[in-house]
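Take a look at the structure set out below.
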Amino acid sequence: MTIRSPYPDVEIPEVSLFEFLFADGFGDRTDAPALIDGGSGASISFAQLHGMVVKIAAALAERGIGAGDVVALFAPNTPYWVAVFHGVLRANAIVTSANSLYTPGELAHQLADSGAKLLITIAPFLDRAVAAAEQAGLTGDAIITMDKAEGHPALADLLATTAEPPALTVTATDTAVLPYSSGTTGKAKGVVLTHRNLVANLLQIQPLIQVSPETKILAVLPFFHIYGMTVMMNQGVHGRSTVITMPKFDLVEFLRVISTHRIQRVYIAPPVAVALAKHQVVDSYDLSCIEVIVSGAAPLDAELGRAVARRLGCRVLQGYGMTEMSPVSHCIPDDRPDIDLNSVGFALPNMECKLVDPGTGKEVGPGERGELCCRGPNIMTGYLNNPEATAATLDADGFLHTGDVATVTDDGVFTIVDRVKELIKYKGYQVPPAELEALLLTHEKIADAAVIGVHDAEGEEVPKAFVVLQPGAALTEDEVMAFVAERIAPHKKVRVVEFIDAVPKSASGKILRKDLRAREPQA
Ligand code: AYL
């Protein structure tokens, strides 16, 4: 049984993201602030943003960047991030956005795998950027900084060009972005999202969560992640709203920025809800401006969400999605505060969903648990250069198998109840177990390893490694954790270690994660 969205379909124009967002001009919003740097208060109007985008496109074209070329963005949220992102797309090229916390090794993997020709970063990230570029075979000239740094061209140099921008030749079906996601299994892969995918998701979100020119949106979640990219950055530009950027999460600064800029719309991942519900400092700020908080990227505890709503006197909603869906597929609509906050609300317009019993492969109906499979105009075309992973995720009918287990009511309200994929989510960030297992195996004293997600005392999901030592070798838990921590981004750290005699495996050699999970005390 296919469950269709209760909302009428929306029409998706066959245009590039640039045409969709910029082509009509901005009417009476031309001189209004499109972006404000939350820290300094410096702002960029819609007209200025448009001007920068065109200049950046022209300068990139001068440097030989054009259709099919990939440009990597490795930087925290600032108004410049937005200008560079759209400048790359306006140059007919493709953005691959990298996690700001990446180590050189992680960034090098993404640069090489995506075939990036250029890396745009900031001076404080140059150490890691240069090391990664060297590993990936990019030369020094291929690194541009958004601020100024000796020895590298800067964004100001690009903006100084007198060249005309190239003709806009990309079409709706061309690739726009390559964010990285591990999907249901294995290591991080390039998710191929087209212009149409990104345009579609903006239009699909609109009937459930509207933004207007009066809306001020806080962008503290990173633009490099699809949640920030679509829901904060592009939805903001589309709504002619003002987006206030923050480069990283710091509770006091977060509260100050909301209160100072009178922000009405705050998008968060669940750990921020914990702080908002419990931290004393929250009472020191006037947060009466907040109208709606939307939580996504990991399960929100409904009681916690209600505590935030009561304390701040605002609505709290939950959305669900996946990088591979551009990303939003489900959301509690803004005008339905009656909907259970444990749920992720309705399927967005143009979405078709089915729930499939992971054991039997049979479709199940309302009230029963099944793997959520989704089809719609926002679904990726596949993983970059990886037909096996694509075939394992997108079925012949075009349904994406999410690896999440859900239930649905007769009214079409979905609740995510479990996850059948390997993926661990730490504070909303992806931690692919396969990557940690491969890293652990590079330790000379480790014979075998398996990683699963467990819940810590605060209920946060954390990676736990089961480690088999080489015969006669000795290693402490702390040594294992330190070995991993030195080599990967902080959110991927192994936070619990247990030594075991053998990793349980199937006859074909696959790690039996459910056997490892069964050993854990139930939360
Ligand atoms: P990725 N409840 C439970 N699990 C969730 C939820 C949720 N509300 N949202 C995301 N996940 C998990 O690619 C789930 O396992 O995208 C899903 O397959 O980093 C995985 O996270 C996808 O991780 C929104 C709502 C953006 C969600 C998003 C998704 C971004 C995370 C905007 O409003």
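The values are calculated or read from the model by the stated rules, or taken from the named source; none is laboratory data. Please read all numbers here as calculations on a predicted model, not as lab measurements. Glycine gets a Cβ as well: all are built from the backbone with ideal geometry, and neighbour counts include every protein chain shown. Accessible surface areas use protein heavy atoms only, side chains included; no ligands, DNA or RNA. Shrake-Rupley method; radii C 1.70, N 1.55, O 1.52, S 1.80 Å.
Brief remarks follow.
- Local net charge near ARG311, Cβ-Cβ under 12 Å (Lys/Arg +1, Asp/Glu -1): +2
- Chain lengthening between LYS148 and THR171 when straightened (0.36 nm per residue, less Cα-Cα): 4.9 nm
- Amide hydrogen neighbours beyond the local backbone of VAL454, cut-off 5 Å, H modeled: VAL462, LYS464
- Efficiency of FRET from Cβ geometry, PHE249 and THR30, R₀ 41 Å, rounded to 0.05: 0.80
- Compactness check for the range 359-440: Cα Rg over 2.2 N^0.38 Å is 1.25.
- Amide N proximity, the range 238-252 versus VAL281 label position 7 Å along Cα-to-Cβ, cut-off under 18 Å: 246-252
- Sequence-distant aspartates and glutamates (8 or more away, or on other chains) whose Cα lies within less than 20 Å of LYS505: GLU422, GLU435, GLU437, ASP448, ASP515, GLU520
- Cα-based Kirkwood hydrodynamic radius, the range 170-230, one decimal, Å: 13.4 Å
- Extent along principal axes [Cα atoms of the chain; Å; largest to smallest]: 66, 54, 53
- Listed by chain and number, the lysines whose C-alpha is less than 22 Å from the C-alpha of LYS354, apart from same-chain residues fewer than 8 away, are LYS362, LYS421.
- Residues ASP335 and LYS187, FRET efficiency given R0 of 51 Å [Cβ-Cβ distance, rounded to 0.05]: 0.80
- Neighbourhood charge, 11 Å Cβ-Cβ cut-off, centred on MET481 and excluding it, Lys, Arg +1 and Asp, Glu -1: -1
- Translational diffusion coefficient of the range 300-367 (Stokes-Einstein, Kirkwood radius from Cα pairs, 10 °C, 1.306 mPa s): 116 µm²/s.
- The residues neighbouring VAL408, those whose beta-carbon lies less than 11 Å from its own, together hold a net charge of -1 under the Lys/Arg +1, Asp/Glu -1 convention.
- Note on the range 204-301: with neighbouring protein chains present and a 1.4 Å probe, carbon and sulfur make up 53 percent of its accessible heavy-atom surface.
- Counting 0.36 nm for each residue step from GLN210 to ALA112 and taking away their Cα separation leaves a gain of 31.4 nm.
- Whole-number accessible area per residue in Å² for the range 377-523, which is evaluated in the context of all protein chains at 1.4 Å: 48 Å²
- Sites ARG310 and GLU62, calculated FRET efficiency, Cβ-Cβ separation with R0 60 Å, nearest 0.05: 0.60
- By accessible area, using a 1.4 Å probe on protein heavy atoms only, the range 364-523 has 49% of its surface on carbon and sulfur.
- Surface analysis of the range 90-243 yields an accessible area of 32 Å² per residue, using protein heavy atoms and a 1.4 Å probe.
- Spacing of the two label points (7 Å from each Cα toward its C-beta) at MET1 and ARG517, in nm: 2.5 nm
- Whole-percent carbon and sulfur share, accessible surface of the range 1-108, 1.4 Å: 52 percent
- Calculated accessible area for the range 1-76 comes out at 43 Å² per residue, all protein chains present (probe 1.4 Å; ligands, DNA, RNA ignored).
- Debye intensity ratio I(q)/I(0), log10, the range 67-216, q values 0.10, 0.15, 0.17 Å⁻¹ (C-alpha model): -0.38, -0.84, -1.04
- Straight-distance crosslink candidates among lysines, where the alpha carbon sits under 18 Å from LYS427 and sequence neighbours closer than 8 are dropped: LYS248, LYS278, LYS464, LYS492, LYS493
- The range 190-310, Rg to Rh (Cα coordinates; Rh as Kirkwood inverse mean 1/r): 0.96
- Grouping the Cα pair distances of the range 16-88 into 5 Å bins from zero gives a pair-distance distribution of 3, 15, 23, 25, 18, 10, 4, 0 percent in increasing distance order.
- One equal scatterer on each Cα of the range 255-373, no solvent, Debye formula: the resulting log10 I(q)/I(0) at q = 0.12, 0.14, 0.19 Å⁻¹ is -0.50, -0.65, -1.02.
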